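Heads up, the thing below is written out as structure tokens.
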Amino acid sequence: RERAAFGRAIEIAAEALAIAAGPSEAWRAHEQLGLTHMAEYDGDAAWAELTSAIDLHLKSGAVQSPVVARLAAAALASPLRWTGTMRQLPELADVIPIVRLGLEHAGTADSEAFASLLTAIAFLPFSALARDADPGVSGDEARSAGLRAREMAKRLGLPHAESAALDALMSHALNTGRIQQAAAIVNERLELAEAVSDPWEVGDTYAMAAWLSFDLGEYELA
């Protein structure tokens, strides 16, 4: 998967799932399937596999809170951040329990999973899921979550997580009509780009920088 051999990664994970001895082994295969589908821009399959991984881990009899938090953070990425990868968005009523479950297991100490969950919360009020239903998170609360996620990622030395939090803060600025502030946030993401190894994160950084430059009339820069 990490070498982008996604077809083979799915085959191997499927083979692992076929011989898995109960939920305690099966959830690991579902996690890898979910992450691989996400890398292939198949958000529907990623959501299905990662939520299955959560359910199976909870049934495994050896629940590990860091694992639950990690799986929840990964599952939420498709419907709340990479919405364009999904053909059929889940219901908000199915997403909120994953947010709550992740937070319950994340604890209060700094961790990548906790930072990612805060970033998911920061996207929530401006996501497509919130168009027809109250997400239970205000714009100000979302921005506060994004700021916490960014500071946590900085403390942990995780530039990809910091970039994701900045993306959420940029979304807040755009959705409240502050395009200049959004452009300034994108510039902060650009400064991080060389330190980010995740190609999705780097690609999104430059894509958003190009769109905002276009919106501001900076066509050559775009």
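The values are calculated or read from the model by the stated rules, or taken from the named source; none is laboratory data. All values derive from a computational prediction rather than experimental measurement. Cβ atoms come from the backbone with ideal geometry, glycine included; neighbour counts cover every protein chain shown. The accessibility values were calculated without ligands, DNA or RNA, using every heavy atom of the protein model including side chains. Shrake-Rupley method; radii C 1.70, N 1.55, O 1.52, S 1.80 Å.
Couple of notes before you dig in:
- Only one entry in Asp167, Asp140 is buried (at least 18 other Cβ atoms within 10 Å of the Cβ) and among the charged types (D, E, K, R), namely Asp167.
- Among the criteria (1) open to solvent by less than 10 Å² (accessible area, probe 1.4 Å); (2) in contact with a Phe, Trp or Tyr (Cβ under 8 Å, 6 or more places away or on another chain); (3) among the polar types (S, T, N, Q), the one Ser213 does not fulfil is (1).
- Every condition in (1) in a helix (DSSP H, G or I); (2) in contact with a helix residue (DSSP H, G or I) (Cβ under 8 Å, 6 or more places away or on another chain); (3) open to solvent by less than 50 Å² (accessible area, probe 1.4 Å) is met by Pro66 except one, and the failing one is (3).
- Qualifying residue in the range 22-40 (condition: free of Cβ contacts under 8 Å to residues at least 12 places away in the same chain, farther than 20 Å from Leu101 by Cβ and surrounded by fewer than 17 Cβ atoms within 10 Å (Cβ to Cβ)): yes
- The range 13-67: number of residues that are more than 16 Å from the chain's Cα centre (by Cα), closer than 22 Å to Trp82 by Cβ and β-branched (Val, Ile, Thr): 0
- In the range 71-78, the condition of being open to solvent by 40 Å² or more (accessible area, probe 1.4 Å) and in a helix (DSSP H, G or I) is met by no residue.
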